[in-house]
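The values are calculated or read from the model by the stated rules, or taken from the named source; none is laboratory data. Computed from a predicted structure; not experimentally measured. FYI the Cβ positions are ideal-geometry reconstructions off the backbone, even for glycines, and counts take in every protein chain you see.
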Amino acid sequence: MNTLLLLAHPNLESSISNRRIIETISSLKDVEVHSLYNLYADKKIDVAAEQESLVKSDLIIFQFPMFWFSAPPILKTWQDQVLSPGFGFGAAQEDFKLKGKNLLLSITTGGKREKYHVGNSYNYTLDETLRPLQMMVNYCKMTYKGYIQSNGRPFTEKEDLDKEIINHTEKLIAFIKDF
């Protein structure tokens, strides 16, 4: 089982949650981590290399902090360049090189979990907020495996945040191992 984890965090060194998640996940066998901001600070994606990694992968994970109710900009740039016609989609069946590939979202948010439920102050659930990524998965004929989320950074006590990060990481590891 080959897993490709695409990390989209613009400043991992200052991150608490994403840094700890990646430190643990990157030590797993058969997990390849691409830190998009480190690899492509100039936003010039090595499309051929990324496409090759995707084709070799059984499971693809997008790991990112929620930014203004969306993924960080580098992930959109990556999508625009890598999921090109003839690879991610197209007129013929052979244009869908990712057909049947599995994609899981691994997300951290700065807001409390309650903010992403019906009737919240945002008026949208996290599932609704993630709809564009779900649509991308469907458009490329991939299989959406849902998401793992952790919440609360700057709103929780350190002990609560530690539990949240550990819980997130354990769920992610279990998903990868059980896949």
Within the stretch 81-92, identify whether any single residue is at negative phi, of a type in the set (Val, Ile, Thr) and touching a Gly at 6+ places or on another chain (Cβ under 9 Å), and answer yes or no.
yes
Single residue of the stretch 100-148 satisfying the filter (hydroxyl-bearing (Ser, Thr, Tyr) and at pLDDT 95 or above) that is nearest to Asp58 (Cα to Cα)
Thr143
When you scan the stretch 49-66, how many residues do you find that are surrounded by fewer than 19 Cβ atoms within 10 Å (Cβ to Cβ) and within 16 Å of Met135 (Cβ to Cβ)?
0
Across the stretch 67-111, which residue is surrounded by the fewest Cβ atoms within 10 Å (Cβ to Cβ) among those that are of a type in the set (A, V, I, L, M, F, W, C) and touching a Pro at 6+ places or on another chain (Cβ under 9 Å)?
Ala91
